[in-house]
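The block underneath contains the structure these notes are about, expressed in structure tokens.
The values are calculated or read from the model by the stated rules, or taken from the named source; none is laboratory data. None of these values were measured; they are calculated from a predicted model. Every residue, glycine as well, gets a Cβ built from its backbone with ideal geometry; the counts of neighbours run over all protein chains shown. Side chains are part of the model used for accessible areas, which takes the heavy atoms of the whole protein and leaves out ligands, DNA and RNA. Shrake-Rupley method; radii C 1.70, N 1.55, O 1.52, S 1.80 Å.
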Amino acid sequence: DEVTLYCNEEKVKPDDVAAHLQSANVIVKPYDNVVLDVQSHLASNTRNKVWLDNSRSNYAVSRVIPEANLVDAQNAITPMKACKNTAEMEGMRQAHIVDGAAMAHFMAWLEHAIIVEGRSVSEVEIDLVLTGYRAQQPGFKEVSFPTIAGVGANGAIVHYRAAEGSDLLKYLDRNQPVLIDSGGQYEYGTTDVTRTWHLGEATDTFKEMYTRVLKGNIGVDTMIFPENTPGFVLDVFARKSIWEIRKDYGHGTGHGVGAALNVHEGPHGISPRWTNKETLKKGMVTSNEPGFYDDGNFGIRIENLLEIVEVDGDAAANGEEPANKKQKVESKKFLKFAKLTMIPIQKNLINIDIMTDAELDWLDAYHEEGFKKV
């Protein structure tokens with residue numbers, strides 16, 4: 001048996017990569033050869049089949065496969081990547097611990113620069129310094145995506161990217177908030193986190209919206225749900241608090257994350273787009289990132305990564321690998337989330353009058369767990 005990998009051959013030029021592929025009987029061919037090879041495969045025998053996920057393939061490939069020869073189904077590798085094994089999950093947990101340490105150093109630097117030194121810091125400097133602290137952590141390879149550091153109104157631009165010389169470039173001081181969405185790619189895991197900070201005196205409106213976004217994050221984090229639940233079912237819990245005051249946000253609540261792979265990985269997600277009916281399963285990792293954006297003024301997003309575990313007493317609650325025992329209700333297995341991200345949430349931005357006792361307890365427990373692990 002052999003496998004053909006169609007890719008840019010520059011990507012597999014390192015000797016150790018080439019040797020590994022050769023030992024596994026993998027033949028490397030130019031990416032542009034794939035269409036001709038599919039056509040040759042079909043022409044050699046009219047009964048030959050091609051397994052292709054049409055929802056994720058390009059038109060050049062899909063158009064040459066007759067319907068009678070097409071097996072249109074999800075790629076078998078997709079669920080293997082989505083549901084992490086024990087080693088992958090341990091690596092993800094470790095990545096978030098070292099990422100929390102990097103972020104702690106960065107937060108200390110940022111507070112010192114703004115509050116003690118009394119200077120302003122550009123969005124580009126924020127990006128560079130944060131990346132520098134991540135680079136000091138063992139196993140760091142690169143950022144998992146370009147850092148989003150948006151000061152003031154730029155925080156309301158969901159996929160903003162700061163650049164020197166740009167007319168949009170802003171400087172952080174004590175008068176404006178900053179939204180920072182960033183992540184690290186480590187040899188053993190992938191991180192993605194968003195925090196919104198204000199190092200001065202935030203307005204009451206800002207604090208209310210920050211609190212409602214936090215309530216949405218906690219709403220998803222604390223859910224217990226039966227197996228075979230698709231992600232869109234949970235989306236309403238992220239939006240409940242801001243819907244109560246007739247507000248909303250225009251992006252999904254969660255996306256899958258790879259283990260030392262793509263920071264955006266399918267097939268699952270949490271969003272109002274009910275067309276994605278992929279069910280949530282043990283071992284999947286998802287982001288949890290409700291937000292609120294006041295165009296021209298500020299953006300707020302609080303994002304943690306979560307691991308899906310079976311409900312099994314305290315083990316799942318503590319983010320540990322669940323024991324073999326499974327809780328079943330009416331022959332159904334139930335799932336919940338365990339926390340991966342270990343980065344503090346700014347408490348003086350919270351309006352405790354609209355927080356429940358249970359939500360405040362969650363916040364204390366989250367910070368206690370992060371302090372212990374990081």
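Okay, residues lined up against (1) touching a strand residue (DSSP E or B) at 6+ places or on another chain (Cβ under 6 Å); (2) farther than 16 Å from Val263 by Cα:
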| residue | (1), (2) |
| --- | --- |
| Ala73 | no, yes |
| Thr86 | no, yes |
| Arg93 | no, no |
| Phe106 | no, yes |
| Gly118 | no, yes |
| Asp127 | yes, yes |
| Tyr133 | no, yes |
| Phe140 | yes, no |
| Ser144 | yes, no |
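Considering region 203-236, the residues that are of a type in the set (Ser, Thr, Tyr) and more than 18 Å from Phe292 (Cα to Cα) include one that is most open to solvent (accessible area, probe 1.4 Å), namely Thr222. Filtering region 223-265 to residues that are hydrophobic (A, V, I, L, M, F, W, C), touching a Gly at 6+ places or on another chain (Cβ under 6 Å) and closer than 21 Å to Asp353 by Cα leaves Phe237, Ala238.
Of all the residues that make up region 156-205, how many are outside any loop (DSSP other than H, G, I, E, B) and over 18 Å from the mean Cα position of the chain (by Cα)?
From region 156-205, those outside any loop (DSSP other than H, G, I, E, B) are 156, 171-172, 177-182, 184-186, 189-190, 193-198, 204-205; that's our starting set.
Remaining after also requiring over 18 Å from the mean Cα position of the chain (by Cα): 156, 171-172, 177-178, 197-198, 204-205.
Residues in region 156-205 being outside any loop (DSSP other than H, G, I, E, B) and over 18 Å from the mean Cα position of the chain (by Cα): 9 in total.
Taking the criterion of being open to solvent by less than 60 Å² (accessible area, probe 1.4 Å), of a type outside the set (Gly, Ala, Ser) and either in a helix (DSSP H, G or I) or under 20 Å from Lys281 (Cβ atoms) (or both), the residues of region 237-246 that qualify are Arg239, Ile242. Residues in region 263-304 that are of a type in the set (A, V, I, L, M) and assigned to a loop (DSSP other than H, G, I, E, B) were compared, and the one that is farthest from Lys247 (Cα to Cα) is Met284.
When you scan region 137-148, do you find a residue that is closer than 13 Å to Arg301 by Cα and open to solvent by less than 20 Å² (accessible area, probe 1.4 Å), even just one?
Checked region 137-148: at least one residue is closer than 13 Å to Arg301 by Cα and open to solvent by less than 20 Å² (accessible area, probe 1.4 Å).
Exactly one residue among His251, His255, His264 is buried (at least 17 other Cβ atoms within 10 Å of the Cβ) and either in contact with a His (Cβ under 8 Å, 6 or more places away or on another chain) or of a type outside the set (Val, Ile, Thr) (or both), and that residue is His255.
How many residues, within region 75-87, are in a helix (DSSP H, G or I) and either more than 13 Å from Leu280 (Cα to Cα) or not small (Gly, Ala, Ser) (or both)?
So the answer is 7.
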